[in-house]
Amino acid sequence: MPIRQITIVGTGLIGGSFALALKKRRFPGRIIGCDRDAVLKRARDCGAIDAGCSNPADAVRGSHVVLLATPVLAIVDLIGRLGPALPPRALLTDVGSTKTAVTEAAMKVFGKNAAKHFLAGHPMAGTENSGVENADPDLFENAVWFFTPLPGQQIQDGVSGEFIEWVEKIGSRVAMLPAEEHDRLSAWISHVPQMISTALAAALVDEFGEDAPLLTAGGRALREMTRIAGSPYSMWRDIAITNRQNLGDALLKIEQRLAHIRENLTTRQLAEEFERAHQLRKTPSRKGANLPLKHGAAEKDNC
């Protein structure tokens, strides 16, 4: 049965952008939003959803796909609350930034049937601005959308396969890997950059005060490095809690690297650090490079 109704629980930046992206690509069904009444009104006003409901159990009725677009700990809670209320053939999926805690919750709730009812996902997209008023139908264009299949899960089949097709239609590049690998990778490519930006911005405020015109004086480099420091704590709190070990290990290595640079500001080893860093930009950046394959043997290995 084709997907004819999608419920998005959490119609903020990511949920709202996904809804707008579906509409831009002419999704033929209905999109139901679930959030606070004030948020739902804004989502309706900007054309992201066709209808809204503040009660999650009511919002999922009649939907073929339910997308959880809330902070990670809320996703874990919603899996427990919505699992028993899901329509029999509905697919529950998510956009959480960490996957181990999410997949563990799904396996606990759905048991041996987890692979039939839940698909764990994470689009590598977003901005420092939150809220449906900042939603963008092109937010996912050329962004990687990770899926972390459960053991034995054939995610190309049935509703999950059609959902993945829609993810590709909105411009995302699909990649797959185990939840544990996803969380380690995300700690480095997403979570550490956020913490570095936050630390730099906070240190600048401490050093120069809240009213200093630093961004204008510092130019593009400073603006780029501190842009995501404006991201909401509510989301990053849950990421830090659910990916504490990977994030902590990565931050420790960054601290050690910074200490090494500090101790060698006047030695040849500083040049060696620059030379090492330049290797990152030499890595192939062609579309799909170094991403886990979606089809074939690589997919089976990753499952």
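The values are calculated or read from the model by the stated rules, or taken from the named source; none is laboratory data. Since the model is a prediction, treat every value here as computed from it, not as a measurement. Methodologically, a virtual Cβ is constructed for each residue, glycine included, from the backbone with ideal geometry; neighbour enumeration extends over all protein chains shown. Quick note on the areas: whole protein, heavy atoms, side chains included, nothing else; ligands and nucleic acids left out. Shrake-Rupley method; radii C 1.70, N 1.55, O 1.52, S 1.80 Å.
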**OP:** Give the cross-link partners of Lys41 among the aspartates and glutamates, using a straight C-alpha distance below 14 Å as the criterion and excluding same-chain residues fewer than 8 apart.
**Re:** Asp50, Glu133
Subject >> Scaled radius of gyration (Cα, divided by 2.2 N^0.38 Å) that region 89-177 gives >> reply: 1.12
Original post:
Got a sec? What order do Glu162, Glu181 fall in by accessible area at 1.4 Å, biggest, i.e. largest, first?
Top reply: Glu181, Glu162
**OP:** Among Arg257, Arg30, Arg42, determine the one that fluctuates most according to a GNM of the chain built with springs between C-alpha atoms less than 10 Å apart.
**Re:** Arg257
Original post:
Arg25: accessible area at probe 1.4 Å, nearest 10 Å²?
Top reply: 50 Å²
**OP:** Over the chain, give the accessible area per residue in Å² for a 1.4 Å probe, as an integer.
**Re:** 53 Å²
**OP:** Heavy atoms only, probe 1.4 Å: what % of the accessible area of the chain goes to carbon and sulfur, would you let me know?
**Re:** 53 percent
Original post:
Quick one: net charge of Ala250's neighbours, Cβ under 12 Å, K/R +1, D/E -1?
Top reply: +1
Subject >> Along principal axes, Cα extents of region 1-116, largest first, whole Å >> reply: 39, 30, 23
Original post:
Per residue Cα convex hull volume for region 157-252, in cubic angstrom?
Top reply: 146 Å³
Subject >> Which of His117, His278, His182 is most accessible, then next, and so on - probe 1.4 Å >> reply: His278, His117, His182
**OP:** May I ask for the Rg/Rh ratio of region 35-91, computed from Cα atoms with Rh as the Kirkwood radius, given to two decimals?
**Re:** 0.97
Original post:
Which ³J(HN,Hα) values in Hz, rounded to whole numbers, follow from the phi angles of region 158-164 under the Karplus curve 6.51 cos²θ - 1.76 cosθ + 1.60, where θ = phi - 60° and Gly and Pro get x?
Top reply: x, 5, 4, x, 5, 4, 4
Original post:
Expressed as a whole number of Å, what is the distance separating the alpha-carbon centroids of region 1-28 and region 201-259?
Top reply: 32 Å
**OP:** Could you work out the relative contact order of the chain, using alpha carbon pairs under 8 angstrom and six or more residues apart, expressed as a whole percent?
**Re:** 18 percent
Subject >> region 1-154 - percent relative contact order, Cα under 8 Å, separation 6 or more >> reply: 27 percent
**OP:** Report the relative contact order of region 63-150, percent, no decimals, based on alpha-carbon pairs under 8 angstrom and at least 6 residues apart.
**Re:** 28 percent
**OP:** Work the Kirkwood hydrodynamic radius out for the chain: mean of 1/r over every pair of different alpha-carbon atoms, inverted, in Å.
**Re:** 20.7 Å
Original post:
Just how much of Cys34 is accessible, in Å², when a 1.4 Å probe is used and the result is rounded to the nearest 10?
Top reply: 10 Å²
Subject >> Residue-level accessible surface for Asp37, protein heavy atoms, 1.4 Å, Å² >> reply: 110 Å²
**OP:** Restrict the search to region 84-144; then list the trypsin sites (Lys or Arg not before Pro) that DSSP places in a loop and that have at most 13 other Cβ atoms within 10 Å of their Cβ.
**Re:** Arg89
